[in-house]
Amino acid sequence: MAANSKYDLCTQATALLGLGPVQSFTDGDKGVVAGRLYDTIVLSLIESYPWGFAKILSAALTRLTPAPASQWTYFYQLPSTLDGIVWALYTETTVDARPFKEWERIGNAIATNETAVYIKYAAINEVAKMPKYFHMLAVCALASAFAQPMKESAELADFYHKRAFGPPEQNGKGGLWAMATAADARGSPSTVQR
């Protein structure tokens, strides 16, 4: 079954646990648990790797005036769609643009001495637009997170965690994670170092 919404992903995760569908994040214990954990689990997956499908390069950030007193000359407002970490900042949007490193995140702003700033960051796309390799990783990660509160089963939590991320000796980079990151890398050209 294709996942077209966060409820579909949660329903697939609960099906792995032998439970019924999640149709709402407010109805019943199962729905409330899924609602409390979904964004945390999926956002942590998106932030943990520079997924090609989740990258957004913004238009020029809006400069805040006046800039607060600090060591930096300019402050720029971060996009409202930024849910987590900043991957890189650029002074231009050309194909061969290199990120710059002289900046600091202060609250919901970027402080720097650069006169123009573009940002690359992760954003949660619509579930229907996420690739299938990410869907299965997310489903197993959700099943792992749901197993203890929904089924009181540490065994199921451990089983689906290993399926998603591999055994402990792979430091969370095995299992479906390894397959998904490899598939994602095939869809992104390598960066040529000059």
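The values are calculated or read from the model by the stated rules, or taken from the named source; none is laboratory data. Please read all numbers here as calculations on a predicted model, not as lab measurements. Cβ coordinates were reconstructed from backbone atoms using ideal geometry, including for glycine residues, and neighbour counts include every protein chain displayed. Heads up: the accessible areas ignore ligands, DNA and RNA and are worked out on the full protein's heavy atoms, side chains in. Shrake-Rupley method; radii C 1.70, N 1.55, O 1.52, S 1.80 Å.
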In whole Å, what is the distance between the alpha-carbon centres of the range 151-183 and the range 18-93? 24
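For the chain, what is the mean residue ellipticity at 222 nm derived from helices alone (per DSSP H run of n ≥ 4: -39500 (n - 2.57); sum divided by total residues; nearest 500 deg cm²/dmol)? Provide the component values of the computation, followed by the final result.
Values: 5 runs with 70 residues, N = 194.
Result for the chain: -11500 deg cm²/dmol, rounded to the nearest 500.
Using only the Cα atoms of the range 1-48, what semi-axes does the equivalent ellipsoid have when each is the square root of 5 times a gyration tensor eigenvalue? Give whole Å, largest first. Intermediate results must be reported in sequence, preceding the final value.
Numbers: eigenvalues 59, 35, 18 Å².
For the range 1-48, the ellipsoid semi-axes come out as 17, 13, 9 Å.
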Give me, ordered by chain and number, the residues 5 or more places off L78 or on other chains with an amide H under 5 Å from its own placed amide H. A109, I110
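For the range 89-194, which whole-number percentage of the solvent-accessible area (1.4 Å probe, protein heavy atoms only) is attributable to carbon and sulfur atoms?
Details: 3130 of 6010 Å².
Solvent-exposed carbon and sulfur of the range 89-194 make up 52 percent of the total.
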Using mean Cβ contacts within 10 Å as the protection proxy, how do 10-16, 62-68, 131-137 order, highest first? 10-16, 131-137, 62-68
What is the log10 of I(q)/I(0) for the chain, computed with the Debye formula using one identical point scatterer on each Cα and no solvent, at q = 0.07, 0.16 Å⁻¹? -0.27, -1.01
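Could you check how much of the accessible area of the range 10-70 is carbon and sulfur, as a whole percent, using a 1.4 Å probe?
On the way: 1810 of 3200 Å².
Using a 1.4 Å probe with all protein chains present, the range 10-70 comes out at 57 percent carbon and sulfur.
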Solvent accessible area, Å² - Y7, 1.4 Å probe, full protein context: 80
So what's the range 88-187 giving for Rg/Rh, alpha carbon basis, Kirkwood Rh from the mean inverse pair distance? 1.13
Hey, in the GNM for the chain with a 10 angstrom Cα cutoff, which one of A97, A34, A116 fluctuates hardest? A97
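Using a 1.4 Å probe, what is the accessible area per residue for the chain, in Å²?
Details: 10640 Å² over 194 residues.
On a per-residue basis, 55 Å².
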